[in-house]
Amino acid sequence: MKKDQLLKQFDELEKKLYAYGHAMMLLNWDGSTFAPTKSVEGRSIASSVLAGEQHKILTRKETGDLINELRQTDDLDEVSQAKVNEFYRDYKKLTCIPEKEVMEFSKLRAQSESIWVEAKKNNDFASFVPSLEKLIDFTKRFAKYYDSEEKPYNTLLDDYQPGLKMETVDAFFAEVEKSLVPLNKFVASSQRLNEAKKIKERINAKGFAKEGQIKLIDRLFELQGLDPDRCKIAQSAHPFTSGANSNDIRYTVTYHEDNLAAGIFAAFHEGGHAMYQLNINGEYDYSSIYTGASMTMHESQSRIYENNMGRSKAFNPYIYEAVKKEFPKQMSDVSADDFYLYSNYSSPSFIRVEADELTYSLHVMIRYQIERMIFEENLPVAELPAIWNKKYEEYLGITPPTDTLGVLQDVHWSFGLFGYFATYSLGTAYSAQLEATMKEHIDYDGALKKGNLTEITKWLKENVQQYGRLYTDDKILNIATGKSFDPSYYTKYLNDKYREIYK
Ligand code: ZN
């Protein structure tokens, strides 16, 4: 068949799959934000029918034939080639596993999640052990089906960042351990920390009503420079971002009346994910490359707005002013300096999702090391709590009093998600490298001081966001910063910042 004809068929196939994906995204969005509580059953029937149809299209013989024919066509343009490669990755991941095992695994996942919920509630790790062992066995086998030559944990890392290998992650966490464990100890023993703690408690105790926070979040949306004609916010139990295409992005926020910072910075974080999706080249809409280059790159774009900009000395006063406008009474005795310290409070804690900018990567490092031992050294599952607690003591100087506050805290393993955690920290580290490069090319600090992020977003769009999944992380980092990933930017950024604040 002629190349043009093949590409036309491929385009139709991608649009069809997109249509199912778009519908499922909307159902999920609706369920998390607005739908009445009793709508769960009807929606899950609709979702599973749609997912089943999508799966049928993806795995039918014609799809395999088309994608194989395209893979053998050698004069494809760059964009078509990237779409075909990406589509093939998904196709291979789905079809390399015997259907019987796919179904067993999905049943196991559904059961394991509720077992995990109970185990976490009752601080009973032992009851979760049999499920976790089975999930790990399945995952190891699936990794081998996909690539029998590759080390299983490398195949798992590749799910979340194409091409990522342990070598890179090991080198990254070696740098984190060397540099951030001592930095965390320095901050934890600093006199200034008591002051920061008092300010934090004083501000949170004032109470921030939801009505005021809604207006505040709208103001942050404007400050961030998001496009209201293409992006919307709603409220949900946990913040997340969904993108159907470059003209339809939504994200959610949560309002904590007793923890203002949590809501503000989560909104800036999700706003960063939304910005990435809005700025991907619109020509990639409805295709497999209309997505972030990886989970890692996505996280770099959320963290750069949340931390590098939102919590920076130069830009933070604009957030302070916005808070003051909505909550004049609560903020009457809070100065901009107090608010900056409040925004950058750092103290070792047990729960990853509540961790601050500095300690966050230590939480992730512990999970990475443990997962690596599970998949590459066959660490017995029963030993996880002891290893977990030992690592928290070693790296963060605290020992979880229960498994609920320790090894059972994250939902990922109960879904059979392994290899994901590293992307959270690697992405944060990318943002430091991107920020350092921006400082050489544009008046980055000047833009933050003016409270106008337009020029910064323009740079990120041109150098990172527009590419979507056209290129790998490594290629994008080389385009944007002239070099491959270098973790020292990240540890330097944190050392400079936190040694200054907590001196
Ligand atoms: Zn994120």
Original post:
When you look at Ala322, is it surrounded by fewer than 24 Cβ atoms within 10 Å (Cβ to Cβ), more than 12 Å from the ligand (Cβ to nearest atom), outside any loop (DSSP other than H, G, I, E, B) and aliphatic (A, V, I, L, M), yes or no?
Top reply: yes
**OP:** Take Ala480 and decide whether it is among the hydrophobic types (A, V, I, L, M, F, W, C), under 20 Å from Glu175 (Cα atoms) and either in contact (Cβ under 8 Å) with a residue 24 or more places away in the chain or part of a helix (DSSP H, G or I) (or both).
**Re:** no
**OP:** Spot the failing condition for Ile476; the list is (1) within 16 Å of the ligand (Cβ to nearest atom); (2) closer than 22 Å to Leu156 by Cα, and only one is missed.
**Re:** (1)
Original post:
Can you spot a residue in the stretch 293-308 that is within 16 Å of the chain's Cα centre (by Cα), assigned by TED's automatic domain parsing to the domain that holds Tyr467, part of a loop (DSSP other than H, G, I, E, B) and away from the ligand (no atom under 14 Å from the Cβ)?
Top reply: yes
**OP:** Among the numbered conditions (1) within 23 Å of Ser312 (Cα to Cα); (2) modelled with pLDDT under 95; (3) of a type in the set (A, V, I, L, M), tell me where Leu448 comes up short.
**Re:** (2)
**OP:** Please verify whether the stretch 456-465 includes one or more residues that are under 17 Å from the mean Cα position of the chain (by Cα) and within 14 Å of Leu164 (Cβ to Cβ).
**Re:** no
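One line per residue, one yes/no per condition, for (1) hydroxyl-bearing (Ser, Thr, Tyr); (2) assigned to a loop (DSSP other than H, G, I, E, B); (3) without any contact (Cβ under 8 Å) to a residue 40 or more places away in the chain:
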site: Glu393; (1), (2), (3): no, no, yes
site: Thr402; (1), (2), (3): yes, yes, no
site: Ser414; (1), (2), (3): yes, no, no
site: Gly419; (1), (2), (3): no, yes, no
site: Ser425; (1), (2), (3): yes, no, no
site: Thr428; (1), (2), (3): yes, no, no
site: Gln433; (1), (2), (3): no, no, no
site: Leu448; (1), (2), (3): no, no, no
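Here's the yes/no breakdown for (1) modelled with pLDDT under 95; (2) under 19 Å from the mean Cα position of the chain (by Cα):
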| position | (1), (2) |
| --- | --- |
| Thr168 | no, yes |
| Phe173 | no, yes |
| Gln191 | yes, no |
| Lys198 | no, no |
Original post:
Of these, Ser425, Ser361, Ser431, Ser414, which one is in the same structural domain as Ser346 (by TED's automatic domain parsing), under 24 Å from the mean Cα position of the chain (by Cα) and at pLDDT below 95?
Top reply: Ser414
Subject >> Residue that is farthest from the chain's Cα centre (by Cα) [pool: residues in the stretch 118-141 that are hydrophobic (A, V, I, L, M, F, W, C) and surrounded by fewer than 21 Cβ atoms within 10 Å (Cβ to Cβ)] >> reply: Ala126
Original post:
Within the stretch 22-62, can you find the residues that are touching a residue at least 60 places away in the same chain (Cβ under 8 Å) and assigned to a helix (DSSP H, G or I)?
Top reply: His22, Met25, Leu26, Asn28, Trp29, Ser32, Thr33
**OP:** Name the residue, out of Tyr290, Tyr255, Tyr286, that is among the aromatic types (Phe, Trp, Tyr), at positive phi and more than 15 Å from the ligand (Cβ to nearest atom).
**Re:** Tyr286
**OP:** Identify, from the list Glu104, Glu113, Glu150, Glu99, the residue that is surrounded by fewer than 13 Cβ atoms within 10 Å (Cβ to Cβ) and out of contact with any Lys or Arg (no Cβ under 7 Å at 6 or more places or on another chain).
**Re:** Glu99
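The values are calculated or read from the model by the stated rules, or taken from the named source; none is laboratory data. Note that the structure is predicted; figures quoted are calculated from it, not measured. Glycine gets a Cβ as well: all are built from the backbone with ideal geometry, and neighbour counts include every protein chain shown.
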